[in-house]
1. Scan (1) of a type outside the set (Val, Ile, Thr); (2) more than 12 Å from the chain's Cα centre (by Cα); (3) buried (at least 16 other Cβ atoms within 10 Å of the Cβ) for the single condition Ser32 breaks and write down its number.
2. Among the residues of region 46-105, which ones are touching a strand residue (DSSP E or B) at 6+ places or on another chain (Cβ under 6 Å) and part of a helix (DSSP H, G or I)?
3. For region 79-101, how many residues meet the condition of being surrounded by fewer than 11 Cβ atoms within 10 Å (Cβ to Cβ) and either polar (S, T, N, Q) or within 20 Å of the chain's Cα centre (by Cα) (or both)?
Amino acid sequence: MCAAVIPPIGAIAVAARRNRIIRGFRKAAALSPESAQTLESLARGHIFGRMVKSGVIKEETGGRFWLDEAAEKAGERARVKFAVIGVISGLVVVGVILGVVALVT
């Protein structure tokens, strides 16, 4: 199997951490500005910071945070599109390489 087609282990770990953070927000019902929770009760770390920067997690006054479900869904759609494009690109590269090898031999 071509390495371009296999997702990197790091991306899988990031996705798993991201999903844990999202489950934590859902479990805490921190899904709106009114139900925002403190950081200590939810999550920490680099992935959390990226989610805040991307707008998936919103910060309210008093250091309270909540999960913006609409932004999370939009981000998920974008990640799926990116993954599909990556897989298709990888398959095209493999096809080109196989075609060149077939012509050479």
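1. The one condition Ser32 does not meet is (3).
2. Selection gives Met51 alone.
3. Total meeting the criteria: 5.
Every read-out reported here was derived from the displayed coordinates using simple, explicitly stated rules and does not represent laboratory data. What you see is a predicted model; the values in this text were computed from it and never measured. All Cβ positions, even for glycine, are placed from backbone atoms using ideal geometry, and neighbour counts span all protein chains on display.
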